[in-house]
Every structure is written in structure tokens, then in C-alpha cells.
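Every number in this text was worked out from the coordinates using simple rules, so none of it is lab data. Predicted model, so just to flag it, every value in this text is computed and none were measured. Backbone-built Cβ (ideal geometry, glycine too); neighbour counts: all protein chains shown.
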Amino acid sequence: MPLLNLCSNLTSLVKLSIYAVKELTCFPDEMLRNNVSLQNLTVSGCREFRNLPQSLYNLHSLKSLQIHFCPNFSSFPVPSGENYLTSLQTLELWDCDGLASLPSGMLEHCRSLGFFMVSCCNNLISLPLHVWEMPSLFYLGLSDCPKFISIPAGGLHRLTRLRVLEIGPFPEMVDFEAFQLIFNGIQQLLSLRNLAVTGLGHWNSVPYQFMQLSSLIHIHICDFGIEALPHRLDNLISLETLHLVRCKRLQHLDFSDAMPKLRFVDIRDCPLLESLSDGLGNLVSLEELDLFNCEKLEHLPSRNAMRHLTKLQSLKIKGCPKLEESCNNRSGPNS
């Protein structure tokens with residue numbers, strides 16, 4: 001009621017942000033119906049907030065809709081008639097555990113939607129199929145939704161403006177072959193620059209399509225069961241940043257295939273990694289190397305290989321006890 005009293009007589013409201021109102025369960029329908037000029041709507045930290053009213057679709061000027069940390073939020077209204085969110089450019093949904101799906105027609109007419117992120121929605125099962133065919137999307141993030149099973153078997157090749165893709169992990173019931181189908185045609189996305197993928201620990205390879213992304217600049221590979229770097233990594237001729245995180249079976253890193261632009265390598269939480277090969281010296285543009293929490297890592301490349309890294313500015317090592325021990329044993333006056 002305080003919200004209704006405050007906002008129902010307003011007609012020029014452009015931005016509405018509501019944070020941590022514990023008792024808020026929903027918006028009065030009148031509040032949105034009267035504010036047709038609203039462009040930005042954010043609800044965050046309202047733990048009892050459950051749904052949005054039908055008048056949401058009266059907001060023809062709405063550009064940004066963000067719902068964060070509302071664990072009981074469970075539904076959007078189903079669009080009816082000719083009212084749609086035709087101006088929507090940004091949609092963010094974080095920590096909405098009550099949400100299982102979006103209405104099939106909710107985003108169908110969102111021709112300007114460029115930024116779409118869904119993260120940490122523990123009961124989300126599916127998204128409308130046309131999400132995977134929206135040519136205006138430049139950022140698509142679908143992460144940490146452990147029940148999501150609506151895999152787009154047709155691939156992502158229709159997302160022709162996509163620049164950033166963050167995806168995974170998926171439930172254990174999703175097999176690697178089905179997961180790999182998502183990336184069919186991804187090499188056609190010439191604008192894709194940033195790829196972050198989280199897999200499952202028993203998947204012993206990454207999708208082969210990744211090796212076809214010659215325009216990719218940043219790649220983040222997390223929670224895969226790979227034992228070594230993928231073959232043909234040298235096809236990523238534009239790559240500047242490589243992150244390998246929580247690859248629990250990773251044992252060897254061989255950079256024998258040169259990547260001429262790679263500037264930053266980050267390897268962390270890979271407990272079986274034992275050594276870095278002398279191929280690291282092929283990374284002639286490398287400026288920073290981070291090695292964190294690799295308990296079995298014992299050897300860096302040879303001194304001769306390291307001398308080839310003439311642009312290296314930063315070497316960070318933490319949580320690698322065997323490497324520390326090895327360095328201490330070699331730190332004598334003649335080493």
C-alpha cells in the first residue's frame with residue numbers, strides 16, 4: 001500500500017528501484033499501469049516478492065528489467081492482446097529460486113533485447129525456444145541453474161551479434177553429446193569475443209567447435225575433466241586470455257602450438273597438474289602467468305624456455321607447495 005500510494009498518481013516515472021523491502025510480495029497492478037514512461041525497473045533483495053502484475057506489458061518504454069536475490073519470485077504474467085515489452089534491451093534474473101520458466105510469448109517481440117542474463121535460479125527448467133534465435137543479443141549468460149534441461153539442439157548460429165557467451169553447468173542428466181550440440185554453427189558468430197563455459201567433471205573433452213573460433217579473445221574453461229589442453233588450440237589465433245579453473249583431471253600443459261597474441265594465462269584449482277612444458281616459451285606475447293592452488297605442480301619450464309618470455313611482467317604463484325619446495329631446493333649459489 002505505501003508503494004501504491006506513492007506511485008499510483010505518478011505518470012512521469014522513468015526509473016523505479018526497490019531494495020530489501022521485506023514485506024513486499026507483489027506490485028499493485030495500478031502502479032505500473034499508470035507509469036507508461038517507465039524505462040528501468042529493478043527489484044532486489046525482496047525475499048517475499050513473488051510476481052509481477054499483468055500491467056508489466058503496458059510498459060512499452062521499458063528498457064531494463066532486473067530481479068535480483070528474490071528467492072520466492074516464481075512467475076511473470078502471460079502476455080495477452082497486443083501488449084509486449086517491445087523496447088526491452090536488458091533482462092537480468094539472479095537468485096530467483098521460485099522461477100521454473102518464462103512465459104512462451106514474453107520475449108517473442110523483444111527485437112531490441114541485447115543483454116540477457118539468468119544466473120543461480122535453482123529451479124529454472126527451460127527458456128522459450130526463440131531466446132536462441134534473437135539476432136539482437138550481444139550478451140547471453142545462462143549459468144548455475146542446476147535443473148536447466150532445455151538444451152537448444154539447433155545450436156546458437158542465429159545469434160549473429162553475440163559477443164559474450166557464458167553458459168553452464170548443466171544437470172548430470174545432460175550428456176556431453178547433447179551439450180556439444182549447443183555449439184553447432186558457433187564458428188559463424190564472427191562477433192563472438194568472450195566465451196566462458198562450465199562443464200561437468202566426468203567430461204574428458206571440450207566441444208570441438210571451440211577450436212574453430214579464430215576471432216575469440218577470451219576463453220574461460222571450468223570444471224571439465226580434461227587431462228591436457230585441447231588439440232588444435234593454435235587455431236585460436238586471436239586469443240589473449242586463457243583461464244583454466246577446477247579442471248580436476250588436468251595433468252599436463254603443453255603450449256607447443258603457438259598462440260601469438262596470448263597475454264594472460266590463469267590456471268587455478270587443478271590439483272593433479274604436475275608440470276608446465278617448455279612449450280610455454282612459445283607464448284611470445286605472455287605478460288602475466290597465474291598459478292593458484294595446484295597442489296601437485298612441481299616444475300616450471302626450463303630456464304631457457306622462460307627466457308623466451310621477454311614480455312612477462314607478472315608471475316603469481318599461490319597454494320602450490322611442491323613448486324615452492326622445488327624452488328627452495330634449487331636456490332643455491334650455483335642454481
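Here are the numbers for this structure:
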item: Loop GluC sites (Glu not before Pro), the range 1-110, which have at most 15 other Cβ atoms in a 10 Å radius of their Cβ (DSSP); result: 23, 48, 82
item: Qualifying lysines (Cα of each under 28 Å from Cα of residue 15; at least 8 residues distant if same chain); result: 63
item: Kirkwood hydrodynamic radius over Cα pairs of the range 99-215, then Stokes diffusion coefficient at 25 °C and 0.890 mPa s, in µm²/s; result: 170
item: Loop sites in the range 1-67: trypsin sites (Lys or Arg not before Pro), DSSP, at most 10 other Cβ within 10 Å; result: 22
item: Filtered trypsin sites (Lys or Arg not before Pro), the range 176-276: DSSP coil and at most 13 other beta carbons within 10 Å; result: 232
item: Around residue 263: net Lys/Arg minus Asp/Glu count, Cβ-Cβ under 14 Å; result: -3
item: Sequence-distant lysines (8 or more away, or on other chains) whose Cα lies within less than 26 Å of residue 311; result: 261
item: For the range 209-226, 3J(HN,Hα) per residue [Karplus equation, 6.51 cos²θ - 1.76 cosθ + 1.60, θ = phi - 60°, Hz, x = Gly/Pro]; result: 5, 4, 6, 9, 8, 5, 9, 5, 9, 10, 9, 10, 10, 10, 6, 9, x, 6
item: Calculated on alpha-carbon atoms, Rg and Dmax of the range 1-151 in Å; result: 14.7, 44
item: The range 237-329: proportion of alpha-carbon pairs further apart than 16 angstrom, %; result: 52
item: Stokes-Einstein D for the chain, Kirkwood Rh over Cα pairs, 20 °C, 1.002 mPa s (µm²/s); result: 96
item: Radius 15 Å from Cβ of residue 295, net charge of other residues (Lys, Arg +1; Asp, Glu -1); result: +2
item: Cα-based convex hull, the range 203-290, per residue volume (Å³, whole number); result: 74
